[in-house]
Amino acid sequence: MTKIFIGGSRQISKLNNSIRQSLADALEAAPVILVGDANGADKAIQQYLFDRKYEEVCVFCSGAQCRNNLGNWEVRHIQSERSVKDFAFYAAKDEQMSVEADCGFMLWDGKSKGTLNNILRLLENGKKVSVYFSPKKLMINLLSTRDLTHLLKSCDRMSLDYFDRTIHVNERLYGAQGKLKFG
């Protein structure tokens, strides 16, 4: 059975008609949905799945407590090496979802390093990702990191610098000797 990692930016808390239609299309194949427990996109996706009484859902949580599980679905508690509840603590569950998923569907505001990190991880693992890019209200299918490079050209220089400092997007796209070739 296909597993889809669905997630996104905490700043995206409402699903527009385009996102809802893409989700409805994805659910027709009756996949297992892997979703996180954060507020924002994760919670909005959970609400969408709950409203449709969708049962094939697994909620991934970092640590012992789940922040959101609206459908009382199966829970996977992922242990982090971090004790502080920071980016790395919560990224542990995302990393596990990107390993277990067959593909991804991300709602990205063009600013969230966590969502971009998830997109990169999926692509690095050879998995395709559909991205709803909210600044342009576009659905984009990514098959490789090269496709992601084209999407990143839509981001502002300050965001690109932030991504490079925090999740090393430059090195991950171009290797150790690479330079930011977008923007």
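The values are calculated or read from the model by the stated rules, or taken from the named source; none is laboratory data. Since we're looking at a predicted model, the values are computed, not measured. All Cβ positions, even for glycine, are placed from backbone atoms using ideal geometry, and neighbour counts span all protein chains on display. Just the protein is used for accessible areas: all its heavy atoms, side chains included, with ligands, DNA and RNA removed. Shrake-Rupley method; radii C 1.70, N 1.55, O 1.52, S 1.80 Å.
Taking region 93-113 on its own, how many of its residues are open to solvent by 20 Å² or more (accessible area, probe 1.4 Å), assigned to a helix (DSSP H, G or I) and within 19 Å of residue 59 (Cβ to Cβ)?
Final tally of qualifying residues: 5.
Among what's in region 114-136 and is assigned to a strand (DSSP E or B) and over 19 Å from residue 172 (Cα atoms), pick the residue that is most open to solvent (accessible area, probe 1.4 Å).
In this case the residue turns out to be 130.
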